[in-house]
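The values are calculated or read from the model by the stated rules, or taken from the named source; none is laboratory data. Bear in mind the structure is a predicted one, so any value in this text is a computation, not a measurement. Cβ: placed from backbone, ideal geometry, glycine included. Neighbour counts: every protein chain shown.
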């Protein structure tokens, strides 16, 4: 089954790409995924919420605003798309992500 891991963090303390690459905890997480073999189908780090554009349609009118839909300190900073046997395996992978220790990792099944 496919799952998307929404990697959430506090933007004020989020690591840079370079800091993540040098972080031993993140390196261990990635090595663990490689040992599982073929579990990661894709993923991406997202730009800050200041770069977001929110689109809504109300009564046929398209409303576009800069920034996130809601004011929040947590933001989705990246996604991983994984394929696992079941939710328990997806939770185990999410729990191993370093961001789960100070932010959160939301696990969502993908409609197939």
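Looking at the range 56-73 only, could you name the residues that are closer than 21 Å to residue 8 by Cα and either exposed (fewer than 13 other Cβ atoms within 10 Å of the Cβ) or at pLDDT 80 or above (or both)? Of everything in the range 56-73, those that are closer than 21 Å to residue 8 by Cα and either exposed (fewer than 13 other Cβ atoms within 10 Å of the Cβ) or at pLDDT 80 or above (or both) turn out to be 66, 69, 70, 71, 72, 73. In summary, residue 100 fulfils each of the numbered conditions (1) modelled with pLDDT under 90; (2) not in a helix (DSSP H, G or I) with the single exception of condition (2).
Of everything in the range 12-29 that is in a helix (DSSP H, G or I) and surrounded by 16 or more Cβ atoms within 10 Å (Cβ to Cβ), the residue that is modelled with the lowest pLDDT is 20. Residue 44: in contact with a strand residue (DSSP E or B) (Cβ under 9 Å, 6 or more places away or on another chain) and either part of a strand (DSSP E or B) or surrounded by fewer than 10 Cβ atoms within 10 Å (Cβ to Cβ) (or both), yes or no? The answer is yes for residue 44. Among the residues of the range 76-112, those identified as in contact with a helix residue (DSSP H, G or I) (Cβ under 7 Å, 6 or more places away or on another chain) and under 11 Å from residue 9 (Cα atoms) are 98, 100, 105.
Scan the range 31-41 residue by residue and report those that are assigned to a helix (DSSP H, G or I) and surrounded by fewer than 12 Cβ atoms within 10 Å (Cβ to Cβ).
Taking the range 31-41 as the starting set, the residues that turn out to be assigned to a helix (DSSP H, G or I) are 31-36.
31, 34, 35 - these are the residues of the range 31-41 that are assigned to a helix (DSSP H, G or I) and surrounded by fewer than 12 Cβ atoms within 10 Å (Cβ to Cβ).
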